[in-house]
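The values are calculated or read from the model by the stated rules, or taken from the named source; none is laboratory data. Since the structure is predicted, the reported quantities are computational estimates derived from the model, not experimental observations. Please note: Cβ atoms are built from the backbone with ideal geometry, for glycine as well, and neighbour counts cover all protein chains shown.
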Amino acid sequence: MQIIYVHHAERQITENHYNKELRQTEDITERGIEQAKILAERWKDKKIKAIVTSP
């Protein structure tokens, strides 16, 4: 079994950044979108059995 930890893509920092509940409402930056695309391309052929996320 292999466990891989991936942090979220880069987000814009707004006044919501310091509020734990609202932080996730911040938009992903252009760089964050590119990061997600790179990850998708790199992992597209992997046989992933489970994904666990935090709330």
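Filtered by the rule that a residue be at pLDDT 85 or above and loosely packed, with under 11 Cβ neighbours inside 10 Å, segment 9-30 gives a lone residue, E30. Among the numbered conditions (1) part of a loop (DSSP other than H, G, I, E, B); (2) modelled with pLDDT of 85 or more, the only one that P55 does not meet is (2).
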